[in-house]
Amino acid sequence: QVQLVESGGGSVQPGGSLRLSCVASEIVFNSNLMSWYRQAPGKQRELVASITGDSTSTNYADSVKGRFTISRDNAINTVYLQMHSLKPDDTAVYFCNAQRWFLGQRLSDSWGQGTQVTVSS
């Protein structure tokens, strides 16, 4: 499976910004759906944002819509999550996910190790 490495996490005050990066160890094709998930203590892992292989479609959780932006650069095998107006409820470990799809079937599902985002005053 694809090896994924996240970076860019840290500690910020409410209202601050961070940009997370996820680098894949191999070429990412248009068939790869890239997503960011997050998991806070005591909560289930939830989907934050996703982007199709050709970047023509994005999807966001209602809680982050208008504040977060997902993008990808297939030339350098990287997906980003730009986060603005961060809130304490955004505190979580953020995971990068890559899924390879073909003709409606998921062929693989890869996860990064996660990067911690902490929003507090």
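What base-10 log of the normalised intensity I(q)/I(0) is obtained for the stretch 74-121 from the Debye formula, alpha carbons as equal point scatterers, at q = 0.19, 0.23 Å⁻¹?
With one equal scatterer per Cα and no solvent, log10 I(q)/I(0) is -0.79, -0.94.
Pairwise over distinct Cα atoms, reciprocal of the mean inverse distance: report the Kirkwood radius of the stretch 1-65 in Å, one decimal place. Write out the running numbers ahead of the final one.
Numbers: mean 1/r = 0.0730 Å⁻¹.
About 13.7 Å for the stretch 1-65.
Pick out, in residue order, every one of the trypsin sites (Lys or Arg not before Pro) in the stretch 34-116 that is DSSP loop and has at most 15 other C-beta atoms within 10 Å; say none if there are none. Provide the component values of the computation, followed by the final result.
Values: sites: Arg38, Lys43, Arg45, Lys65, Arg67, Arg72, Arg100, Arg106; in loops: Lys43, Arg45, Lys65, Arg67.
The qualifying sites are Lys43, Arg45, Lys65, Arg67.
Could you list the GluC sites (Glu not before Pro) in the stretch 1-70 that lie in coil according to DSSP, counting only those with at most 11 other Cβ atoms within 10 Å of their Cβ?
Working: sites: Glu6, Glu26, Glu46; in loops: Glu26.
Answer by residue number: Glu26.
Kindly report the accessible area of the chain per residue (heavy atoms of protein chains, probe 1.4 Å, no ligands, DNA or RNA), in Å². Don't skip to the answer; put the middle values down first.
Numbers: 6530 Å² over 121 residues.
About 54 Å² of surface per residue is accessible.
What part of the accessible area of the chain, given as a whole %, is carbon or sulfur when the probe is 1.4 angstrom? Kindly include the intermediate steps, with their values, before the conclusion.
On the way: 3170 of 6530 Å².
Here it works out to 49 percent.
Can you give me the long-range amide H partners of Asn77? Hydrogens built in the peptide plane at 1.01 Å from N, cutoff under 5 Å, separation of 5 or more residues or another chain.
Answer set, sorted by chain and number: Val28.
What whole-number value in cubic angstrom gives the convex hull volume per residue for the C-alpha atoms of the chain? Can you show the working numbers first?
On the way: hull volume 11.9 nm³, N = 121.
Considering the Cα atoms of the chain, their hull volume per residue is 98 Å³.
The values are calculated or read from the model by the stated rules, or taken from the named source; none is laboratory data. Given the structure is predicted, the values throughout are model-derived calculations rather than measurements. Please note: Cβ atoms are built from the backbone with ideal geometry, for glycine as well, and neighbour counts cover all protein chains shown. Only protein heavy atoms, including side chains, enter the accessible area calculation; ligands, DNA and RNA are left aside. Shrake-Rupley method; radii C 1.70, N 1.55, O 1.52, S 1.80 Å.
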